[in-house]
Amino acid sequence: MSKEAMIRQILVITDGYSNIGEDPIQCASEARRQGIVVNVIGVVDKGDMGVVGRDEAMSIADAGGGMCRIVHPVDLSATAQMMTHQTMQMTLQQVVNQELQSVMGKSTEELPPADRSRVMQVVDKLEEEVGLHVVVAIDTSASMKDKIPTVREAVRDLALSLQVRLGTSQVAVIAFPGAGEQSTKLVQDFSDEVDMQGLEASLQARGGTPTGPAIRHAISLLKQLRHDTSAVEFEDGPRRDYA
Amino acid sequence: MTQGVHPRLTKGSKVLGKWTRQQWVVQGALGVGANGAVYAVRGADHQRYAMKVCEDAGAVAFEWGLLEQLSAHGFAFPKPHCIDDSAAHPSLYFYVMELVDGQPLDVVWPRLDAAGVKRILLATAYALRHLHKSSHAFCDIKPQNLLVNLHENQCVRFVDVGGVTPFGRSVRQFTPTSDVAFWGLGERRASARYDIAALALMVATLCETPPKTLSQWPLERRQAWMLRTIRGLRQKRLSTLLEDAVYGRINHADELIHRVYDLPADRRPVVAKAHRQAAATGAVASGSTALGQQKRKSQPRRPGKSTAGRADWTERLMWYALTCAMISTAGAWAEYLR
Ligand SMILES: Nc1ncnc2c1ncn2[C@@H]1O[C@H](COP(=O)(O)OP(=O)(O)O)[C@@H](O)[C@H]1O
Ligand SMILES: [Mg+2]
């Protein structure tokens, strides 16, 4: 696999279920068809997300080929990182599996455990070196008000982890709902750092939960990027969108 | 893949290896972590072992590879025994390793005196030195991953090899309160310095439980909390050691060992009584709760900028009162600090 190979992910952080716009599960399936993994974290503080929210979160992740976890705010940060890491590994394992199948006619699970261990060391190295683009889609509906400071810190923390990888990593952030009538808004375009002041200013809790449109928006950001990747690769170093 | 359910093995369950045809009898659960469950098992040789079980074949194989690699470098981690898949259970992958006899550090900690803390720090520092010689960092340093047995010569053992990372690479498994990047004090990149800082952060958070809302706080406030906790310890030498470590000023386990040897080994706890009570009630140290700690300093210090502002005049009054109190009790404190 070449260095330019990219893994693309969407991370949805929400505390309820969608109530505006298109079906988020269909949007997640669409993402998966485009080779984008969708992960979902449900954040609950007191009580629960409710059965509807929980089921929806699980279904979005299933449709998007990703993982779903329901966590308390304290665990948000660690969970975001664990999921990014594990789903990157899953994606790479799929790639490696395909190669193993074509070369040896065996999947990783069919190999003797000692050989498996060698394969995993390769996967691990690939994970560190592969390019990664993540769109974090943050639910900023009214119910998220108290959780927004935690979410903000978690996003910053995720970027800190990704920054030190050997491969390039870029994080974009969108919020749903957006301003006024908009169902989503771009908080920060792809960058290797998170602009905390920007996040603070633009993550204001209000309104409903357009999860579907948010996933749609994230897909379009990732697709757009694919068009300019070739151009970006000729510049030296990663793109920096702000000073 | 959604919320993972671990295959629950119960006491008496038998696991037959698909590749080695060895049979293991489960004796009980040792612990459940983020990646899987660990069981005490008995092998055909009647010896007891620990078995790590996971649904993810890749994760098991990866950890196994690390354990094997590290077994050539010191004895901190459990000795690897064998890796296999269950012949009967679907997607039950496992490896078998040495059963480490010991209690997690957080269980032992409340009973430790300064001498005990010194012994444990020293053992950990030596174990880290061995590990670092192989150019790997432990990374996920937390009380649950350090098993302590004070009756053994090597009284601290490491479990959970999953976080071990070659120097220079990004850290993927860590515990926020032991992570320098979480505190805004350094990079999340594997190095000897990262581990040494993680150890110091862990000790600080064992001495005082961090407030629940910590992860919502901005970096400056987190740092102020950490610094106050460290500087509030009864043992001055331990304070400066921890402070140097969390600020990344200790780059090598040899230096850490050197510094730990210098610690006093008396029979008193490293945390002063007032401090422990504050920690027990979960009080967030701010101007007033920091009192007990600040008093112990030989020089009165101005509190951090973050506590300035509205509480300013009350604080100034307290500092004044403290300075007066200190002059009269300086002799007593000098004795206490020895
Ligand atoms: N070899 C061992 N001997 C004794 N106890 C162990 C051993 N390995 C793990 N444990 C216990 O099981 C717990 C979970 O194991 P760990 O490997 O840390 O799982 P995870 O990677 O999922 O966190 C540990 O905290 C420890 O208490
Ligand atoms: Mg563990």
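Please treat every number below as a calculation from the coordinates, not as lab data. Note that the coordinates shown come from a computational prediction; the quantities given were computed from them, not determined experimentally. Positions of Cβ are backbone-derived with ideal geometry, glycine not excepted, and every protein chain shown enters the neighbour counts.
Worth pointing out:
- Scaling against 2.2 N^0.38 Å puts the C-alpha radius of gyration of region A:119-171 at 1.48.
- Each of B:Tyr194, B:Tyr261, B:Tyr49 was scored by other Cβ atoms within 10 Å of its Cβ. Arranged with the fewest first, they read B:Tyr261, B:Tyr49, B:Tyr194.
- Rh by Kirkwood over Cα pairs, then Stokes-Einstein D for region A:6-234 at 1.306 mPa s and 10 °C, µm²/s: 88
- Phi angles across region A:57-74 convert, under the Karplus curve 6.51 cos²θ - 1.76 cosθ + 1.60 with θ = phi - 60°, into 3J(HN,Hα) values of 4, 4, 5, 4, 5, 4, 5, x, x, x, 10, 9, 9, 9, 9, 7, x, 4 Hz, Gly and Pro given as x.
- Distance between the C-alpha centres of region B:159-207 and region A:106-178: 18 Å, rounded to the whole angstrom.
- Top of A:Leu186, A:Leu132, A:Leu225 by mean-square fluctuation, Gaussian network on chain A, Cα under 10 Å: A:Leu225
- Both radii come from the Cα set of region A:1-61: Rg as radius of gyration, Rh as Kirkwood radius; their ratio Rg/Rh reads 1.08.
- The calculated Kirkwood hydrodynamic radius for region A:180-224 is 12.0 Å, given to one decimal from all distinct C-alpha pairs.
- Over chain A, dividing the summed -39,500 (n - 2.57) contributions of all DSSP H runs of at least 4 residues by the number of residues returns a 222 nm mean residue ellipticity of -16000 deg cm²/dmol.
- Note, ³J(HN,Hα) from phi for region B:231-245, Karplus 6.51, -1.76, 1.60, rounded to Hz, x at Gly and Pro: 6, x, 5, 5, 7, 4, 5, 5, 4, 5, 4, 5, 4, 4, 5
- Nonlocal amide H pairs with A:Ile70, under 5 Å, H built at 1.01 Å: A:Gly42
- Calculated on alpha-carbon atoms, Rg and Dmax of region A:123-221 in Å: 14.0, 45
- Here is the size of region B:35-77 from its Cα atoms: Rg then Dmax, 11.9, 29 Å.
- Shape of region B:103-287, Cα gyration tensor, a/c cut at 1.5: oblate
- For region A:45-74 and region B:111-144, distance of Cα centres in Å: 37
- Full extension of the chain between A:Glu22 and A:Asp45 yields a length gain of 5.6 nm, computed as 0.36 nm times the residue separation minus the alpha carbon distance.
- Number of Lys-Lys pairs in region A:6-234 with C-alpha atoms under 23 Å apart and a separation of 8 or more places or on different chains: 6.
- What the phi angles of region B:25-39 give under the Karplus curve with 6.51, -1.76 and 1.60, with θ = phi - 60°, is a coupling list of 10, 6, 10, x, 8, 9, x, 10, x, 5, 9, x, 10, 10, 10 Hz, glycine and proline written as x.
- Remark: B:Trp64, B:Trp109 ranked as B:Trp109, B:Trp64, counting other beta-carbon atoms within 10 Å and listing the fewest first.
- Region B:14-98 - Rg (one decimal) and Dmax (whole number), Cα, Å: 12.0, 35
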